[in-house]
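Notes follow once the structure below has been shown.
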Amino acid sequence: MFKIIDKKELCENVHQFRIEASHLVQKAKAGQFVILRKDDKGERVPMSIGGLDKNKGLLTVVIQEVGKTSASMNRMKIGESFADVVGPLGIPSHIEKFGHCICIGGGVGIPPIFPIAQALKMAGNRVTTIIGARNKSLLIFEEELSSASDRLLITTDDGSYGTHGFVTTVLQKLITDGEKIDMVIAIGPVPMMKAVVNTTREPKVKTLVSLNPIMVDGTGMCGACRVTVGGKTKFACVDGPDFDGHEVDFDEMTKRMKMYAKYEKVAYEKFLHNDCHLAKQIEEMR
Amino acid sequence: MTDENKNKPINKKERMKIPRQKMPEQLPQDRVRNFKEVPYGLTPQLAMEEAKRCLECPKPPCIAGCPVEVNIPAFIKLVAEGDFIGAARKIKETNALPAICGRVCPQEEQCEQVCVLTKKHKSVGIGNLERFVADYEREHGKVEIPKLPPSTGKKIAVVGSGPAGLTVAADLAQMGHKVTIYEALHKPGGVLIYGIPEFRLPKAIVQSEVNYLMQLGVEVKTSYVVGKLDTVDELFEMGFDAIFIGTGAGLPNFMKIEGENFNGIYSANEFLTRSNLMAAYDFPNMDTPIFVGENVAVLGGGNTAMDSVRTSLRLGAKNAYIVYRRSRTEMPARIEEIHHAEQEGVQFMFLTNPIKYIGDENGWVKAMECIKMELGEPDASGRRRPVEIKGSNFVLPVDTVVVAVGNSSNPLIPQTTPGLKTNKWGNIEVDPNTQMSSRPGVFAGGDIVTGGATVILAAGAGKVAARAIHKYVMGIPFDEPKKEEAKPAVR
């Protein structure tokens, strides 16, 4: 059940897993997400789908260590299994022939843009992808996105690779250069998505964002994931995860994402302490 | 009591002299600090004494008062005789979930309400006795798997493992059908697991009832979201002969007032799921956190509101309020639950309705503006409609709010099942005689049909559905619809 077939470190604190989940993989579509639970004590955490290998029945997820749950998941080994991989959840991204699509990914939002870029390209779109990271070593999924896009543009905050700046630096340039853009889809940290939306608001370019707020069940039952879109409360799990970016209240979302910050810190510190302690014990045993 | 007296038959008059036996329970000051079950249950002596109060009516109204038609006088007679195991098996002839129903059924509105004794005395403690025998059987390891009929070769899928789904599964398995339960969450039991707290229904009991079903040959698949992983039509393609949908209410209502998305404001579903299913009360030993501040307001007057407010006290709230827009008499919660909440120090604010939330600069709720209400003319539900008293606004400081004002139906299955008729609230429409929907072979029951109701009504619907599903898959025609029999009022 949900065995880790393959695992590799993409960059510091970011691991890519390929998990056996053939039934789910057959049914899943670009833009959907899954809920992972590591073990019986574990939280239910929503994770974007970073790839679907339908032939092998393998699901790709990319996990960044930000707290206890992600840290303990990233310490799982090939051959170990997740207690649960639930899904596919959420409404798939709306794919049709729009014309020229810009796919934007930032940080660990880069992997989930990959299946969407693939699907958009399959549907006959010209796909330009912009991916960004703080520096070259943190840039992931370059190869995948290069294959899925007609054109791949890269940015780094420190200029160590690609264009010096943010994904919006490049996006703004495309707009200023007068490129015809029919649709933008952005996945990444909330500030990045907010910046993208602010860039496309004036020129009125249709912009979708994929939201990943706090969730528990992921099937509409709990309402933890509520977000304000166009002045109305929506549940990201069943009404999304994709929404019209120009309508999303990102400031509220940012605050809601911090609801458990204190608890997360406690759990993470306790975990790191134990982890450290364990490493020391193992060291001593040798 | 001497042995001689024990076997002596007692007459009606003597029976009526026996007072209703009280079930011992944890003291309020102790139990608000733990999640252990509140009542300890009857002792064998108390149970036998209570059972003696039953008048063994020739035409017992209590059976008609039970949605799953338990032969109440027969099982009580066995209790009086000290045959507790026999009593448990008598109940199980019609009710697969006695340990659960004995705890969470509103007996005071069903079997106990119509008990002949209520005319002059207190009714027989039917629920307490049901609970006692089910616990006795389980704790003494005497749970017996009934002999199953030969397999019919028919396959039935049950979507959702709450009280409706568990009942359907148990009944169909005992008729020789192969049943597979699909549950979206990672543990089976539905609302019995995620919704009802440990102090009212220990999770080990739900687990043991589920284990019983598995011993009957029922297969349980968890973390399986029907409507997403497979649709109802795909289940038919997988070879199922009939499908029962018991997915519950499962989409929480909010009040659509200003500031409802501030941090600290939960739906009851989320609050209870974190505490119950995810065991967040045991954070950080368990990974899921839950936030409970000092001043907790729970909005609503039903059992879910009582469960939420009592949970908040156990999680450390200093002030725990029930804020309800009508008065005490209109509260839909069970009297026993309201009573328990009062004993534990819950503060009730009746005829009060929140109108907006006030937050701090970080997006956390810090107060709730409320308005006082008065009762006007009765509305469609027959309850007097609450009307705002102009200018009676006041501000209540709160840092946690739990919204327990009901659920709407979850759209996952209706949306992905073409031809499945729903009403304007999104509930699945069924024929009440068979629980069959507009799609032949697709049956439904519980909250997905009725909207938010009780465990036992869901189980009752499950019983009706099981009988009809059996006929459907075996090619037996359904009975002509019977005239609606008089049924006791249940909400």
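The values are calculated or read from the model by the stated rules, or taken from the named source; none is laboratory data. The structure displayed is predicted, hence computed values, not measured ones. All Cβ positions, glycine included, derive from the backbone under ideal geometry; neighbour counts span all protein chains shown. Areas reflect the complete protein model, heavy atoms only, side chains present, ligands, DNA and RNA absent. Shrake-Rupley method; radii C 1.70, N 1.55, O 1.52, S 1.80 Å.
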Open item on the list: Can you tell me which residue is most open to solvent (accessible area, probe 1.4 Å) among those in the stretch A:237-249 that are in contact (Cβ under 8 Å) with a residue 40 or more places away in the chain and more than 12 Å from chain B (Cβ to nearest Cβ)?
Closed with: A:HIS246
Task: Filter pass, A:ASN198 being touching a Pro at 6+ places or on another chain (Cβ under 9 Å), of a type in the set (S, T, N, Q) and open to solvent by 10 Å² or more (accessible area, probe 1.4 Å) - done: no
TODO: Inspect the stretch B:275-295 for any residue being part of a helix (DSSP H, G or I), surrounded by 21 or more Cβ atoms within 10 Å (Cβ to Cβ), modelled with pLDDT of 95 or more and outside the structural domain of B:PRO28 (by TED's automatic domain parsing) and give the result as yes or no.
DONE: yes
Open item on the list: Go through (1) under 23 Å from the mean Cα position of the chain (by Cα); (2) crowded, with 19+ Cβ neighbours inside 10 Å; (3) not in a helix (DSSP H, G or I) for B:LYS90 and report which single condition fails.
Closed with: (3)
Open item on the list: Among the residues of the stretch A:223-250, what is the count of those that are closer than 14 Å to A:ASN212 by Cα and part of a helix (DSSP H, G or I)?
Closed with: 6
Open item on the list: Among the listed residues A:LYS29, A:LYS3, identify the single one that is basic (Lys, Arg), open to solvent by 50 Å² or more (accessible area, probe 1.4 Å) and away from every other protein chain (no Cβ under 11 Å).
Closed with: A:LYS3
Task: Complete set of residues in the stretch B:242-277 that are without any contact (Cβ under 8 Å) to a residue 40 or more places away in the chain and touching a Leu at 6+ places or on another chain (Cβ under 7 Å) - done: none
- [ ] Tell me which residues, restricted to the stretch A:126-162, are more than 22 Å from A:PHE98 (Cα to Cα) and part of a strand (DSSP E or B).
- [x] A:GLY132, A:ALA133, A:ILE154, A:THR155, A:THR156
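Does any residue of the stretch A:216-224 turn out to be within 17 Å of the chain's Cα centre (by Cα), open to solvent by less than 10 Å² (accessible area, probe 1.4 Å), within 14 Å of chain B (Cβ to nearest Cβ) and small (Gly, Ala, Ser)?
Checked the stretch A:216-224: at least one residue is within 17 Å of the chain's Cα centre (by Cα), open to solvent by less than 10 Å² (accessible area, probe 1.4 Å), within 14 Å of chain B (Cβ to nearest Cβ) and small (Gly, Ala, Ser).
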Open item on the list: Taking the criterion of being within 14 Å of chain A (Cβ to nearest Cβ), polar (S, T, N, Q), over 18 Å from B:TRP364 (Cβ atoms) and touching a residue at least 40 places away in the same chain (Cβ under 8 Å), would at least one residue in the stretch B:278-298 satisfy it?
Closed with: no
Open item on the list: Need pairs with beta-carbon distance below 8 Å; first residue closer than 23 Å to B:ASP282 by Cβ and within the stretch B:26-47, second in a strand (DSSP E or B) and open to solvent by less than 50 Å² (accessible area, probe 1.4 Å); sequence gap 6+ or separate chains.
Closed with: B:GLN26/B:PRO39
Open item on the list: Please pick out the residue among B:ALA184, B:ALA169 that is part of a helix (DSSP H, G or I), crowded, with 23+ Cβ neighbours inside 10 Å and in contact with a strand residue (DSSP E or B) (Cβ under 8 Å, 6 or more places away or on another chain).
Closed with: B:ALA169
- [ ] Please give the strands (runs of 3 or more DSSP E) falling wholly within the stretch B:380-491 in which 1 or more residues are small (Gly, Ala, Ser) and surrounded by 14 or more Cβ atoms within 10 Å (Cβ to Cβ).
- [x] B:407-409, B:442-444
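How many residues does the stretch A:37-49 hold that are outside any loop (DSSP other than H, G, I, E, B) and within 14 Å of B:LEU185 (Cβ to Cβ)?
Result for the stretch A:37-49: 1.
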Open item on the list: Looking only at residues that are at pLDDT 90 or above, part of a loop (DSSP other than H, G, I, E, B) and not charged (D, E, K, R) in the stretch B:109-127, which one is most open to solvent (accessible area, probe 1.4 Å)?
Closed with: B:GLN113
Open item on the list: Out of the residues in the stretch A:225-236 meeting the condition of being more than 9 Å from chain B (Cβ to nearest Cβ) and closer than 22 Å to A:THR199 by Cα, tell me which one is surrounded by the fewest Cβ atoms within 10 Å (Cβ to Cβ).
Closed with: A:GLY231
TODO: Being in a loop (DSSP other than H, G, I, E, B), open to solvent by 30 Å² or more (accessible area, probe 1.4 Å) and either of a type in the set (Phe, Trp, Tyr) or touching a strand residue (DSSP E or B) at 6+ places or on another chain (Cβ under 9 Å) (or both) is the filter here, so list the residues in the stretch A:76-114 that pass it.
DONE: A:LYS77, A:ILE78, A:GLY79, A:GLU80, A:ALA83, A:ILE91, A:PRO92, A:HIS94, A:PHE98
TODO: Enumerate the pairs (first residue in the stretch B:351-363 and more than 14 Å from chain A (Cβ to nearest Cβ); second residue anywhere and of a type in the set (Asp, Glu)) with beta-carbon separation below 6 Å, excluding pairs fewer than 6 apart on the same chain, so at least 6 apart or on different chains.
DONE: B:ILE355/B:GLU369; B:LYS356/B:GLU258; B:LYS356/B:GLU369
